[in-house]
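Here's the structure, in structure tokens; my notes come after.
The values are calculated or read from the model by the stated rules, or taken from the named source; none is laboratory data. Source: prediction; values computed, not measured. All Cβ positions, even for glycine, are placed from backbone atoms using ideal geometry, and neighbour counts span all protein chains on display. Calculation scope for accessible area: heavy atoms of the full protein, side chains included, ligands and nucleic acids excluded. Shrake-Rupley method; radii C 1.70, N 1.55, O 1.52, S 1.80 Å.
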Amino acid sequence: MSSPTPISAPTPEARAAAGAAAGLSSPVSPVLAEVVRSGFVEGRHRGSLVVLAADGSVEWSLGEVTAPVFPRSTNKPMQAAAVLRAGLDLSGERLALAAASHSGEPFHLDLVRTMLAEHGLTAGQLQTPADLPLDPEEAEAYLAAGRVRDRLTMNCSGKHTAMLAACARNGWPLGSYLDQAHPLQQLVAEGVRAASGEDVAHIGTDGCGAPLLSLSLTGLARAFRSFVLAEPGSPERRVADAMRAHPEYVAGTRRPDTWLMQALPGTLAKMGAEAVQALALPDGRALAFKIDDGAGRTLGPVLARTLRLMGVDAGVLSRLEDAPLWGGGVRVGEIRAAF
């Protein structure tokens, strides 16, 4: 990864102008992405974004980055670190899968089955909702083969398998492993607070049924930074190292998080539902953003633009920012960053 002179980050005046878009006097999130069809801007996606310098200070931001948001699956590295703190011995692909929102490709599902068997567990003990593979191509192939929605196929099944295995190792109740008061979930909460440097303001339920702990975007970026800079051998560093060594198990072969971690060695990246993204570079710089309306189609363009502003120069950014719009089977526009 080379480090050319960075593109100028948005000035406070520009950020203020973006926040006052459309002439509204009340605080409003800035536009982070535009939908351009046939040369016409037909839609806009607002959100908030924060970039941390290598020393952990806020270098620049757009929108509100200190209010709590639900990080969704960007919480998964912290959940994976908790199972290690509970004494579960995971490494390599297995630990990466414990922190994954996997695509449901055959190698993902095969390893989930293997992990369940290794710990004397069954797919019936998973409390994930029955679902199709997350990757659209895998979902089509899955349905074409005559299969139906399954708990094991759900993208969080690796995380849930690791949670169950940690409980089995400690003699903790298996049936209530998702309860917030469960010893394992208490370890997760402690880890989230320690990594982010924040108290948890809100607790909800994630799409997979696990407790969902709110953080600010600044706290989320700080947490990812803490994982890449953690002491070697610590639970946090072990999770970061496993994810970076096996990114295809964190996401899938057709997913941006995988492409980024493969192309930018030492980078830790994880997306979450409702258009949340967190990333830390090996030098300690980090970012986190959320698109207000949850439009996942914006993630690649916004992430690529942010990394360019941070001085990252890599071919993978062109791949990330390519988000076409189609009309009659022909490309007629794109989703593009707007800052």
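Brief remarks follow.
- Per the Debye calculation on region 221-339 with a single equal scatterer at every Cα and no solvent contribution, log₁₀ I(q)/I(0) for q = 0.09 Å⁻¹ amounts to -0.25.
- Remark: the chain carries 40 Å² of accessible area per residue (probe radius 1.4 Å; ligands, DNA and RNA excluded).
- Radius of gyration, Dmax [region 73-144; alpha carbons; angstrom]: 13.1, 41
- Prolate/oblate/rounded call for region 298-339, Cα gyration tensor, a/c under 1.5 rounded: prolate
- Counting charges near Gly39 (Lys, Arg +1; Asp, Glu -1) among other residues having Cβ under 15 Å from its Cβ returns a value of 0.
- Counting protein heavy atoms only, the chain has 51 percent of its accessible area on carbon and sulfur, 1.4 angstrom probe.
- Gain upon complete extension [Ala130, Ala145; 0.36 nm per residue less C-alpha separation]: 3.7 nm
- Isolated cysteines of the chain, defined as having no other cysteine beta carbon under 4.7 Å away, are Cys167.
- Projected label points at Gln186 and Ala117, each 7 Å from Cα along the beta carbon direction, are separated by 3.6 nanometres.
- Proximal charge balance of Thr74 [Cβ under 15 Å; K/R count +1, D/E count -1]: +3
- Estimated translational D of the chain in µm²/s (Stokes, Kirkwood radius over Cα pairs; 25 °C; 0.890 mPa s): 120 µm²/s
- Cα gyration tensor, region 133-292 - rounded (a/c under 1.5), prolate or oblate: oblate
- Among Glu93, Glu248, Glu137, residue whose mean-square fluctuation peaks in a GNM of the chain (springs only between Cα atoms under 10 Å): Glu137
- Centre separation in Å (Cα based) which lies between region 157-195 and region 282-318: 31 Å
- Helical runs assigned H by DSSP (4 residues or longer) give the chain a calculated mean residue ellipticity at 222 nm of -11000 deg cm²/dmol, each run adding -39500 (n - 2.57) before division by the residue total.
- Sequence ranges 304-310, 315-321, ranked by mean other-Cβ count within 10 angstrom, highest first: 304-310, 315-321
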